[in-house]
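Visitor: Handing you this structure, nothing more for now.
The values are calculated or read from the model by the stated rules, or taken from the named source; none is laboratory data. Quantities reported herein were computed from a predicted structural model and do not represent experimental measurements. As a convention, Cβ positions derive from the backbone with ideal geometry for all residues, glycine included, and neighbour counts pool all protein chains shown. Side chains included, ligands, DNA and RNA excluded: accessible areas come from the protein's heavy atoms. Shrake-Rupley method; radii C 1.70, N 1.55, O 1.52, S 1.80 Å.
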Amino acid sequence: MVNKTKDFWVFVETNEDGTAKNVGIELLTPGRELADAQGGRLAAVVIGCNTDAAVSEANRHGADQIIVVDSEEYRKYTTDAYTIALVSLVEKYGPLSMMIGATNNGRDLGPRVACRLQTGLTADCTALAIDEATGKVAWTRPAFGGNLMATILCPEHYPQIGTVRPGVFKKGEETEEKAEIIREEIHVSADQIRTQVLEILKDMDDEKVDLENAEIIVSGGRGVGGPEGFEPVRALAKVLGATVGSSRAAVDAGWISHAHQVGQTGKTVAPKLYIACGISGAIQHQAGMSGSDCIVAINKDPDAPIFDIADYGIVGNLFEVLPILTEEIRKARA
Amino acid sequence: MKMLVCVKQVPDTTEIKIDPVKNTLIREGVPSILNPFDSYALEAAARIKDKDPSSTITVICMGPEQAKAVLKESLAIAADKAYLISGREFGGSDTLCTSYILSEAIKEIEKTEGKFDIILCGKQAIDGDTAQVGPEIAEHLGYPQVTYGLEAFVEDGMVKVKKEVEDGAEIIGIQTPCVLTFTKPSFDPRFPTIRRKMAANKANIPVLAFTDLPDIDPEKIGLKHSPTHVKKTFVPQKKTGGIKIQEETAEESAKKLFTLLSEAHVI
Ligand SMILES: Cc1cc2nc3c(=O)[nH]c(=O)nc-3n(C[C@H](O)[C@H](O)[C@H](O)COP(=O)(O)OP(=O)(O)OC[C@H]3O[C@@H](n4cnc5c(N)ncnc54)[C@H](O)[C@@H]3O)c2cc1C
Ligand SMILES: Cc1cc2nc3c(=O)[nH]c(=O)nc-3n(C[C@H](O)[C@H](O)[C@H](O)COP(=O)(O)OP(=O)(O)OC[C@H]3O[C@@H](n4cnc5c(N)ncnc54)[C@H](O)[C@@H]3O)c2cc1C
């Protein structure tokens, strides 16, 4: 495809209630800089149903233009409907570059869209810049389970697209609403959507595990010793309003469901605060949480690798430390 | 059901060490393994076949001659037939080109094996880590997809997938032919039996080279035609300057942590 503009697009994924997923708004922050560097506008692309809240949030976070596709068939994400909508927008407007939040849906949609447009896609980026030599977007991403970082260019195909990990960038300060809002009617018929949700199964412990949007996560690993060992972890999470995470070892042992797993084969998270309890810090675990703003480790082994990336580390027994920490926080918040 | 599973041979990334002087990955001596996510895809196919023994499982891998090892392993675990896709022309392909080659190979294999109903992939390969090849194969073939699958089954003539979502799982019905990608389920994939292992060792694995794919467009494969280029790689820097707390008692440590976190305004 040929680009028609120098614009930088941010795909803003919506929830079923029409609000924006955090990552879409977060990406407007680097989007501003990259759009300016490219010499184009920053556009937010909002697809969903009853999306006024998402449109207004994007407007308050610096978008110059907002392109909205709003109708019932987009209430719940489907690969087929979203690919049709996003591809037809790209074909119509021809942006130079586009970012998509690397949520489950974003990573389902990105490759589908890039392939239909026959362009390149860089996966799960954690840093963005403009390459000085070529003026192209330099997408930086972890590979090999977080052991290696790669900087990738898409020099001759348009748009240049990347999925970008949630939580890496922060939402900017709210500003005055100034965006030009364009509404596009793109309809997808029922027979173009080839998948169908038949049943919704709640997690086994019946709590919503939204690790990707959590501000605080308290995780337990093999060091908690058993399913009941998660109790002090949950108690701390409760006073902090945090989500409970876990290492793979605890999931494999059957102490907690896979939905809680953080790491290469689980969720990638970037909360403000990540508290790892009885987790050694294997590279595959780090791959999912090293982007957290503040990492606290509680481990009885002073040489555990988790301490290499922790901002604060307690060498000690989690069963002694956690109840006291929980109590201190409870008192302070009472 | 006729099923095809895409498997990749990958370095065991848990065994990768960093050269502290050159600051690069040391790949020598790192064992090559069947990508773990592909073993979940293979297990999902095997479970469909358990219920309907008339099903068939074909596995394909693109890679060098030595990648036959993962095809043999797949044959030993559950597959009936295996093909290696191999050739210098394919080298350096990014995900768009890799998925194109795989989709062309699938079409070629269908000429002898018949049309596949389900194509199964791992969610991601643990080396490239992009999770893009599965959906891109689906797009090249024009098939629907479900990603993040945990299990798949056939019920009332329909393919159904248990898909992992943020707050649990969903059962998705999907039209065939389709592409499904798999993440880690709660069960372990099966091990090969001795008998299957011996048979797999003797199996003849056909190799499809560039010239065996008459319909492939040479302008859409290899390093030269890949839209993305790796400009540079580097080893991530370790964070330093963390504070270690190790007071006389656990109580003192916990209280100190609380004070530090409060002062830093993280809680
Ligand atoms: C392909 C692949 C993918 C993987 N994906 C993931 C993934 O997504 N997520 C993941 O987490 N792992 C993943 N792993 C597994 C990973 O390599 C580690 O095995 C796993 O993270 C270890 O979990 P852990 O830290 O809980 O257990 P361990 O490594 O056993 O560590 C337990 C820790 O608890 C400490 N401890 C014990 N008792 C106490 C106590 N009372 N108080 C305080 N500390 C205590 C110990 O000192 C130890 O450091 C993957 C592995 C592979 C090969
Ligand atoms: C450091 C580094 C970073 C890279 N980053 C990017 C990037 O951002 N974008 C990009 O387009 N390319 C990228 N590449 C190139 C990419 O790794 C290759 O194209 C690779 O062949 C396929 O990608 P993957 O390993 O990520 O596979 P994934 O997309 O993660 O694999 C998903 C599934 O597809 C199937 N599959 C994948 N490869 C094969 C195979 N060879 N044979 C059979 N089945 C297979 C398996 O079922 C696998 O589980 C990168 C390469 C390197 C070395």
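Visitor: Can you tell me which residue within segment A:84-113, out of those that are among the small types (Gly, Ala, Ser) and within 25 Å of A:VAL269 (Cβ to Cβ), is farthest from ligand 2 (Cβ to nearest atom)?
Guide: Here is the first cut: in segment A:84-113, the ones among the small types (Gly, Ala, Ser) are A:85, A:88, A:94, A:97, A:101-102, A:106, A:110.
Still in the running and within 25 Å of A:VAL269 (Cβ to Cβ): A:101-102, A:106, A:110.
Values: A:GLY101: 16, A:ALA102: 11, A:GLY106: 14, A:GLY110: 10 Å.
Looking at the filtered set, the residue picked out is A:GLY101.
Visitor: Which one of A:GLY245, A:GLY288 is within 16 Å of ligand 2 (Cβ to nearest atom) and not in a loop (DSSP other than H, G, I, E, B)?
Guide: On the way: A:GLY245 fails: within 16 Å of ligand 2 (Cβ to nearest atom).
Result of the check over A:GLY245, A:GLY288: A:GLY288.
Visitor: Turning to a different aspect of this structure: Would you pick out the residues in segment A:210-240 that are crowded, with 19+ Cβ neighbours inside 10 Å and outside any helix (DSSP H, G or I)?
Guide: A:ALA214, A:ILE216, A:ILE217, A:VAL218, A:SER219, A:GLY220, A:GLY221
Visitor: How many residues are open to solvent by less than 10 Å² (accessible area, probe 1.4 Å), more than 8 Å from chain B (Cβ to nearest Cβ) and aliphatic (A, V, I, L, M) if we restrict to segment A:118-143?
Guide: Count: 1.
Visitor: Would you be able to say whether some residue in segment A:199-212 is within 16 Å of ligand 1 (Cβ to nearest atom) and either of a type in the set (A, V, I, L, M) or over 30 Å from A:VAL90 (Cβ atoms) (or both)?
Guide: Here is the first cut: in segment A:199-212, the residues within 16 Å of ligand 1 (Cβ to nearest atom) are A:209, A:211-212.
Pick out the ones that are also either of a type in the set (A, V, I, L, M) or over 30 Å from A:VAL90 (Cβ atoms) (or both) and you get A:209, A:211.
Taking every residue of segment A:199-212 in turn, at least one turns out to be within 16 Å of ligand 1 (Cβ to nearest atom) and either of a type in the set (A, V, I, L, M) or over 30 Å from A:VAL90 (Cβ atoms) (or both).
Visitor: What's the number of the condition B:CYS61 fails, among (1) open to solvent by less than 20 Å² (accessible area, probe 1.4 Å); (2) within 16 Å of ligand 1 (Cβ to nearest atom); (3) not small (Gly, Ala, Ser)?
Guide: For B:CYS61, the failing item is (2).
Visitor: Anything in segment A:264-283 that is part of a loop (DSSP other than H, G, I, E, B), free of Cβ contacts under 8 Å to residues at least 60 places away in the same chain, away from ligand 2 (no atom under 16 Å from the Cβ) and within 21 Å of B:PRO185 (Cα to Cα)? List them, or say none.
Guide: Keep residues of segment A:264-283 that are part of a loop (DSSP other than H, G, I, E, B), which gives A:264-266, A:268-272, A:278-282.
After this cut, where a residue has to be free of Cβ contacts under 8 Å to residues at least 60 places away in the same chain as well, the list is A:265-266, A:272, A:278, A:280-282.
Still in the list and also away from ligand 2 (no atom under 16 Å from the Cβ): A:272, A:278, A:280-282.
Matches in segment A:264-283: A:ALA282 only.
Visitor: Which of the residues that make up segment A:248-263 are in a loop (DSSP other than H, G, I, E, B) and within 24 Å of the chain's Cα centre (by Cα)? Walk me through it before giving the result.
Guide: Taking segment A:248-263 and keeping what is in a loop (DSSP other than H, G, I, E, B), we get A:253-257, A:263.
Passing the criteria: A:ILE256, A:SER257, A:GLY263.
Visitor: Got at least one residue in segment A:154-173 being free of Cβ contacts under 8 Å to residues at least 12 places away in the same chain and more than 14 Å from chain B (Cβ to nearest Cβ)? Outline the logic, then answer.
Guide: Step one: filter segment A:154-173 for residues free of Cβ contacts under 8 Å to residues at least 12 places away in the same chain, giving A:156, A:173.
Among the residues that remain, those that are also more than 14 Å from chain B (Cβ to nearest Cβ) are: A:173.
Among the residues of segment A:154-173, at least one is free of Cβ contacts under 8 Å to residues at least 12 places away in the same chain and more than 14 Å from chain B (Cβ to nearest Cβ), which makes the answer yes.
Conditions tested, residue by residue: (1) touching a strand residue (DSSP E or B) at 6+ places or on another chain (Cβ under 9 Å); (2) open to solvent by 30 Å² or more (accessible area, probe 1.4 Å); (3) outside the structural domain of B:ALA78 (by TED's automatic domain parsing).
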site	(1), (2), (3)
B:GLU170	yes, no, no
B:VAL179	yes, no, no
B:ALA200	yes, no, no
B:ALA203	yes, yes, no
B:LEU208	yes, no, no
B:PRO218	no, yes, no
B:GLU247	yes, yes, yes
B:LYS255	no, yes, yes
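Visitor: If you scan segment A:294-305, which residues turn out to be of a type outside the set (Lys, Arg), more than 9 Å from chain B (Cβ to nearest Cβ) and part of a loop (DSSP other than H, G, I, E, B)?
Guide: Quick first cut of segment A:294-305, residues of a type outside the set (Lys, Arg) only: A:294-299, A:301-305.
Keeping just the survivors that are more than 9 Å from chain B (Cβ to nearest Cβ) gives A:299, A:301, A:303-305.
Of everything in segment A:294-305, those that are of a type outside the set (Lys, Arg), more than 9 Å from chain B (Cβ to nearest Cβ) and part of a loop (DSSP other than H, G, I, E, B) turn out to be A:ASP301, A:ASP303, A:ALA304, A:PRO305.
Visitor: If we keep just the residues of segment B:38-58 that are among the small types (Gly, Ala, Ser) and open to solvent by 10 Å² or more (accessible area, probe 1.4 Å), which is nearest to ligand 2 (Cβ to nearest atom)? Steps first, answer last, please.
Guide: Within segment B:38-58, the first condition is being among the small types (Gly, Ala, Ser), and the residues that meet it are B:39, B:41, B:44-46, B:54-55.
From what is left, the residues that are open to solvent by 10 Å² or more (accessible area, probe 1.4 Å) are B:39, B:54.
Values: B:SER39: 10, B:SER54: 24 Å.
That would be B:SER39.
Visitor: Take segment B:1-12 and flag every residue that is within 11 Å of ligand 2 (Cβ to nearest atom) and not in a strand (DSSP E or B).
Guide: Matches in segment B:1-12: B:VAL7, B:LYS8.
Visitor: Right, next: Looking only at segment A:92-107, decide whether some residue is open to solvent by 30 Å² or more (accessible area, probe 1.4 Å) and either of a type in the set (A, V, I, L, M) or away from chain B (no Cβ under 13 Å) (or both).
Guide: yes
Visitor: For segment A:306-334, what are the residues that are assigned to a loop (DSSP other than H, G, I, E, B), within 15 Å of ligand 1 (Cβ to nearest atom) and either in contact (Cβ under 8 Å) with a residue 40 or more places away in the chain or within 19 Å of B:SER262 (Cα to Cα) (or both)?
Guide: The initial filter retains those residues of segment A:306-334 that are assigned to a loop (DSSP other than H, G, I, E, B), namely A:310-311, A:316-317, A:334.
Pick out the ones that are also within 15 Å of ligand 1 (Cβ to nearest atom) and you get A:310, A:316-317.
The one that is assigned to a loop (DSSP other than H, G, I, E, B), within 15 Å of ligand 1 (Cβ to nearest atom) and either in contact (Cβ under 8 Å) with a residue 40 or more places away in the chain or within 19 Å of B:SER262 (Cα to Cα) (or both): A:ALA310.
Residues are listed down the side, and each one gets a yes or a no for (1) within 16 Å of the chain's Cα centre (by Cα); (2) of a type outside the set (Gly, Ala, Ser):
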position: B:ALA76; (1), (2): no, no
position: B:ILE106; (1), (2): no, yes
position: B:PHE116; (1), (2): no, yes
position: B:ASP127; (1), (2): yes, yes
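Visitor: The conditions are (1) open to solvent by 40 Å² or more (accessible area, probe 1.4 Å); (2) at the interface with another protein chain (Cβ under 9 Å from one of its Cβ atoms); (3) closer than 20 Å to A:PRO166 by Cα, and A:GLY291 fails exactly one of them. Which is it?
Guide: A:GLY291 satisfies all of (1) open to solvent by 40 Å² or more (accessible area, probe 1.4 Å); (2) at the interface with another protein chain (Cβ under 9 Å from one of its Cβ atoms); (3) closer than 20 Å to A:PRO166 by Cα except (2).
Visitor: Do we have any residue at all in segment B:97-106 that's under 15 Å from A:ARG107 (Cβ atoms) and either modelled with pLDDT of 95 or more or in the same structural domain as B:ILE16 (by TED's automatic domain parsing) (or both)? Give the derivation first.
Guide: Taking segment B:97-106 and keeping what is under 15 Å from A:ARG107 (Cβ atoms), we get B:99.
Add one more test, that the residue is either modelled with pLDDT of 95 or more or in the same structural domain as B:ILE16 (by TED's automatic domain parsing) (or both), and what stays is B:99.
Within segment B:97-106 (the criterion being under 15 Å from A:ARG107 (Cβ atoms) and either modelled with pLDDT of 95 or more or in the same structural domain as B:ILE16 (by TED's automatic domain parsing) (or both)), the answer is yes, since at least one residue qualifies.
Visitor: I'd like to check something: does segment B:7-21 contain any residue that is hydroxyl-bearing (Ser, Thr, Tyr) and within 14 Å of another protein chain (Cβ to nearest Cβ)? Give the derivation first.
Guide: To start, the set of residues in segment B:7-21 that are hydroxyl-bearing (Ser, Thr, Tyr) comprises B:13-14.
In the following step, the residues that additionally are within 14 Å of another protein chain (Cβ to nearest Cβ) were identified as B:13-14.
Yes - at least one qualifying residue is present in segment B:7-21.
Visitor: Still on this structure, please answer the following. Being surrounded by fewer than 17 Cβ atoms within 10 Å (Cβ to Cβ) and either free of Cβ contacts under 8 Å to residues at least 60 places away in the same chain or in contact with a helix residue (DSSP H, G or I) (Cβ under 8 Å, 6 or more places away or on another chain) (or both): is that true of B:GLY157 here?
Guide: Yes: the conditions hold for B:GLY157.
Visitor: Still on this structure, please answer the following. Within segment B:134-151, restricting attention to residues that are among the hydrophobic types (A, V, I, L, M, F, W, C) and surrounded by fewer than 24 Cβ atoms within 10 Å (Cβ to Cβ), which residue is farthest from ligand 1 (Cβ to nearest atom)?
Guide: Narrowing segment B:134-151 to residues among the hydrophobic types (A, V, I, L, M, F, W, C): B:137-138, B:141, B:146, B:150.
So of that shortlist, the ones also surrounded by fewer than 24 Cβ atoms within 10 Å (Cβ to Cβ) come out as B:141, B:150.
Details: B:LEU141: 28, B:LEU150: 15 Å.
Checking each candidate, the answer is B:LEU141.
Visitor: Among the residues of segment A:162-198, write down those that are β-branched (Val, Ile, Thr), open to solvent by less than 30 Å² (accessible area, probe 1.4 Å) and within 23 Å of the chain's Cα centre (by Cα).
Guide: Residues satisfying the conditions are A:THR163, A:VAL164.
Visitor: Name the residue that is modelled with the lowest pLDDT, counting only residues in segment B:26-37 that are open to solvent by 10 Å² or more (accessible area, probe 1.4 Å) and not in a strand (DSSP E or B).
Guide: Narrowing segment B:26-37 to residues open to solvent by 10 Å² or more (accessible area, probe 1.4 Å): B:26-34, B:36.
From the residues that got through so far, the ones that are not in a strand (DSSP E or B) too are B:27-31, B:36.
Numbers: B:ARG27: 78, B:GLU28: 83, B:GLY29: 86, B:VAL30: 91, B:PRO31: 93, B:PRO36: 96.
Per the stated criteria, the residue is B:ARG27.
Visitor: Could you grab the pairs with beta carbons closer than 6 Å, sequence gap of 6+ or different chains, first residue in segment B:127-151 and away from ligand 2 (no atom under 12 Å from the Cβ), second one open to solvent by 20 Å² or more (accessible area, probe 1.4 Å) and part of a helix (DSSP H, G or I)?
Guide: Filtered contacts from segment B:127-151: B:GLU139/A:ARG116.
Visitor: Something else: Specify the residue that is nearest to the other protein chains (Cβ to nearest Cβ); the eligible residues are those in segment A:253-269 that are more than 8 Å from ligand 1 (Cβ to nearest atom) and open to solvent by 20 Å² or more (accessible area, probe 1.4 Å).
Guide: Among those that are more than 8 Å from ligand 1 (Cβ to nearest atom) and open to solvent by 20 Å² or more (accessible area, probe 1.4 Å), it is A:HIS258.
Visitor: Does A:ALA179 satisfy the criteria of being aliphatic (A, V, I, L, M), touching a helix residue (DSSP H, G or I) at 6+ places or on another chain (Cβ under 6 Å) and away from ligand 1 (no atom under 16 Å from the Cβ)? Steps first, answer last, please.
Guide: Working: aliphatic (A, V, I, L, M): yes; touching a helix residue (DSSP H, G or I) at 6+ places or on another chain (Cβ under 6 Å): yes; away from ligand 1 (no atom under 16 Å from the Cβ): yes.
Yes; evaluated as a whole, the condition is true for this residue.
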